[in-house]
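What follows is a single structure, written as structure tokens, with notes after it.
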Amino acid sequence: MALDFVALKEAVQIARDNALLGLYSEALSCYDSAIDCIRAYLQTGLSVNLQSSWSSALQTLENEADRVNSIVRLLNELTDSGSGTDVGGPNLVFKSTEESDFPSPTTVDHRCIGPPVSHNVQGKRIRGGHRERPKTVSGTRSVENLSKVQSHHQNTDRGRGTGRKSSVLPSRSATKLQETNTAKDKAVEEQTDWSAGYDKELVETLERDILVRNPNVRWSDIAGLKEVKDLLKEAVVLPHLLPGYFKGIRRPWRGVCMVGPPGTGKTLLAKAVATECKTTFFNVTSSTLTSKYRGDSEKLVRLLFAMARAFAPSTIFIDEIDSICSRRGTESEHEASRRVKSELLIQMDGIAGDGADPTKGVLVLAATNFPWDLDEALRRRLEKRVLIGLPDADCRRRMLEINLQDLKLADDLDFDEISSLLHGYSGADVANVCRDASMMSMRRRIAEIGTDEIKAVPVEEYDLPITRRDFLEAIEKSSKSVSESDLERYQKWMNEFGAS
């Protein structure tokens, strides 16, 4: 007999999903189908190893099915004990004072005011003729709660023989389960309070396009920039280590703006913050905060900061912030972009108070290549404005070591010599030179052969150690991307508005 493993896997997955969602009848049906298939497969004369493996799998599924059955039995008992019996019938929950831990309720003659209310065993009749559904325990549970409910049901079965305790135990079980579910519902409600009142599609957009989960960049991957690293650690890390110190006038920095020419490591620093500082990281660009519908862009900005406060401590990284919040009042400014800027400024000014918890702060980390285009109000809110300049000789040497650490190097390659030849190059320029030099030997080997012959070339013939000659050829073909006039302009802006 051939076993359809794909169908079996789907049946088991559907059974487990239905059990977690509280659809116990559907779950049991899928469990029965999967168990029957495995039992039939075990009768086909398998080897010893396969017989042992499939027997273990069968035992696991039978245990899961037993858990679901125990939950169904417990829910039936709770429903029977909670719904009561016919009016005028005996009370099955409360015994006499001598037999029960708790006395039965005292009957008091109250005069009925208003129209009479009829009772029903299946559901209660309320005014207007509508029927309330009988209250049951919420079906959504985790796997951990499945085991808890099973153990509790076993205790209930053991208590049946005592007579006196068996009548009280179901009501206590219902109370405990109700308290547990109430606490869970409250926790879920608190977690989703930040998204209340917002369109679900906008919330999903932020979670999908903005929330960064695995940047995987370490401080050690960035050469130099020690002062900037220390500033970011002071703004993000130290408030968690010394919460009693960062209060009042010593509150953590709310905004940091990294200014500098392209390719100097501003985005890498932001990724390192996301990796090393263990905070919720939001990567924001102009496209994620732009919508064709009127008013949605402002809602996205407000929702972004609401999400950041809910998942604090958080870091909001806005790359190329000049494209989002350029100077207001210009002739080319559109009304929609002005509203977005105003909302961004309002949210940035209210992301923390003087008495806010330093461990629940929100840092706005911005990067720009055009600081002179920033709005004055935004410049004031970005309290720290630091220059990320070109790397010096030591930084360039460290960049060479980082970029070439996984490659083979020739003995004639001197990093000090190469770093001196790269004076005026940015970090991105140095990386491009390293990439170009690493492919020189391959280019020389396949220069005069066809495509079919390239496939037949052994790896050892073109994956050769990088030599000094390779770097000299790469440097000769590459030029620096930042001019001296650009550096002077950045330095002039920092002299006037810098705050490092």
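Read the figures in this text as sums done on the coordinates, not as results from a lab. What you see is a predicted model, and the numbers here were worked out from it, not measured in a lab. Counting neighbours? That spans all protein chains shown, and the Cβs are built from the backbone with ideal geometry, glycine included.
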Using the beta-carbon distance between PHE5 and GLU453 and R0 = 35 Å, what value does 1/(1 + (r/R0)^6) give for FRET efficiency, to the nearest 0.05? 0.20
Once the piece of chain linking ARG435 and SER55 is laid out straight, how much longer is it, given 0.36 nm per residue of separation minus the C-alpha distance between them? 131.3 nm
Ranked by how many other beta carbons lie within 10 Å on average, peptides 261-274, 389-402 from highest: 261-274, 389-402
What net charge is computed for the residues neighbouring SER420, neighbours being all others with C-beta under 12 Å from the C-beta of SER420, Lys and Arg scored +1, Asp and Glu -1? -3
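More than 17 angstrom separation, counting every C-alpha pair in the range 393-481; what % is that?
On the way: 1880 of 3916 pairs.
Everything past 17 Å amounts to 48 percent.
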Order 479-491, 66-78 from most to least packed using the mean count of other Cβ atoms within 10 Å. 66-78, 479-491
